[in-house]
Amino acid sequence: LTPQDAIEVATQVLKQVEAYNQTPKSGVPIGLHIGVHFGETRVGWENDRYGDAVNRAFRLASLQPSNMTEIEGGISKAELPTKNAIFITEHVYEAIKDIEGIQCRLLGLFKLRGIAERHMIYQVIWDE
């Protein structure tokens with residue numbers, strides 16, 4: 001699986017969520033954040049994945065304005081998406097930035113829980 005594959009899958013998931021939300025069966029719409037990072041992982045007994053790459057992707061899915069440092073070229077804390085967004089690390093951005101059909105915008109610097117340094121985080125624009 002490549003970073004591009006992960007972005008395509010995440011986009012398809014959010015399109016399905018958007019379609020479901022037109023007439024949600026439970027009456028409550030679904031809102032998701034999807035975090036994408038890649039790197040080496042370890043595989044556990046039940047094929048569970050572990051490691052830094054999994055941890056970073058998990059942390060991206062729960063970005064909060066309180067963990068954000070606004071930077072030039074990024075967005076304000078108030079503009080941080082609250083639902084149905086794909087967040088990627090700079091590592092993923094560098095791998096996909098020149099691929100036709102994938103658009104991203106810089107969000108800002110984020111402190112990810114359990115990870116020492118701050119990270120430049122981007123959003124994939126999937127709904128245009």
LYS25-LYS83 FRET efficiency (beta carbon distance; Förster radius 22 Å; 0.05 resolution): 0.75
Pop a pseudo-label 7 angstrom from the Cα along the beta-carbon direction at both ILE71 and GLU90 and give the gap in nm to one decimal. 0.5
Check the straight Cα-Cα distances from LYS83 and name the lysines below 22 Å, setting aside those fewer than 8 residues away within the same chain. LYS15, LYS25, LYS111
Which one, [x] 43, 36, 31; [y] 44, 42, 32; [z] 58, 25, 16, gives Cα extents along the principal axes in Å as derived from the coordinates shown? [y]
Once phi is turned into θ = phi - 60°, what whole-Hz ³J(HN,Hα) does the Karplus curve with 6.51, -1.76 and 1.60 give for every residue of region 92-106, x standing for Gly and Pro? 5, 4, 4, 7, 10, 4, 9, 7, 4, x, 10, 10, 9, 9, 6
Relative packing of 55-68, 11-24, which averages over residues the other C-beta atoms within 10 Å, highest first: 55-68, 11-24
Full-extension gain in nm, ARG113 to GLN16, via 0.36 nm per residue minus C-alpha separation: 32.0 nm
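Coordinate-derived values only; no laboratory data. Just so we're clear, the structure is a prediction, and the values are computed from it rather than from any experiment. Please note: Cβ atoms are built from the backbone with ideal geometry, for glycine as well, and neighbour counts cover all protein chains shown.
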